[in-house]
Amino acid sequence: MARPSTDPVARDASSPELRAFVRARRRGDEALMRSTWRDLLASEWSRIRAFAAARRSPALPNGHLTPEEVDELAQAVVVRLIDKLHFEGESIGELRAFLLQATKYAFLDHLRAHIDEDRRRAGSFDDRGDDETPGVGGRLDAEASALVVDTLDRVVDRAVLDEAFAAMDEDKREVFLAMAGGEPAAEIAQRLGISVANVYQRNRRGLVQLQGLLEDQLR
Amino acid sequence: MTARIDELYEEYVQAWHAGGAPDAVAFLARADSAERDELADMLETFALAAPAVAPSDARRAELDDDPAFARAAALVDALGPPSPEAWGVRLRAARERAEVSITELGARFAASFGLHGREERAARLLDDLERGERPASGVSLRATTRLAELLGTAAAALAPPAPAASAPAALFRADPGSADELADVLADFAASRAPAPAAPPERSGERDELDDLLLGG
């Protein structure tokens, strides 16, 4: 197998599935659009599942979605992808942004439905809490409000990612980019003269830092 | 134990680049419960930055046999045109198949959310949506799911229209539009999904759960 690129987003501009879909869309070829759309879904399925599986909330039993709920959430994202927005972007960055956003909104819908069920079962379920201790509903409102200020086209496009990468600490960035690009930890360790455990540690810290930097972009 | 999630992360990333289309759910199931959230964050952050990699032929065959992916792919095949009117067409088709009047559907819909006394208004809003007089973009997922339950039809897609009744319009817009237009579409979409009032209330000063459910909260 060819050695993977050490830049995890280096192949952004060359998603053949997205390019094929955009070409079909431009030509108005419905049959081709359907087939390319399916290919695009296949290539993005792991991303959709990763975004869905990462969702959690104190409103849920055990705080997590069940595998069945992850399935439902993924379906909801696909519905949004096709039906709600009829995705018009042309880059993977735009698609990534849309998928993450759609997952968050679908998750909020799921939580609200879950709270509806609690209300029905409990009769009077005060989920708002108070100023000092917001209830589940209050936290949901806060989360939803945070989404309002989000704009889809700037979440994780290449420029935003580059900016976030540039802001990372150098040692963490080097390891994160190498590992996210598919380089085995053992090879990174040998190349940098550090232990594999240290590679893992820097990578994890890099992920946390990148997550924080990207979240800052959303505020 | 942290080495375990580091190894899982590395395995996930390598599988991604190799076209293995790894499933985060399966990887999270292999993590220690105490470290599951940390691994979930790691996988999400990677997915935010990761390139698109088409599944290998072998993985693609597995995906086609995966019920969850098969359902999602079926949505692609089944969903009608994306215009707001199309959702109304599908709703009407599902309602007619179920032989439920719009008045009855409104009553059942309102009752299912405990919105007593709002049955007539629910019926009116649903009628407007069916006729494309209100944008379907404001219809929440839970409203869609509930309507599908009430009509005994597929949840996510709200059942596609029958082929004979299927609108022949393009599934996707033929013109991708300019960057500015795209930005407008994205902004409109964000606004339509926002919990703050985005759609004008039917009666000034009054918004209730029906608005959230059917017009965009």
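Just so you know, all these numbers are worked out from the coordinates, no wet-lab data involved. Treat the numbers as computed from the prediction; the structure is a model and nothing was measured. Methodologically, a virtual Cβ is constructed for each residue, glycine included, from the backbone with ideal geometry; neighbour enumeration extends over all protein chains shown.
So here's what we get for this one:
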read-out	value
Within-12-Å neighbourhood charge of A:ARG38 [Cβ basis; K, R +1; D, E -1]	-3
Pairwise FRET efficiency - B:ASP37 versus A:GLN190, Cβ, R0 = 30 Å, nearest 0.05	0.45
Nitroxide proxy distance, nm - points 7 Å out along Cα→Cβ at B:ALA58 and B:ILE102	5.5
B:ARG134 long-range amide H proximity, modeled H, under 5 Å	B:LEU129
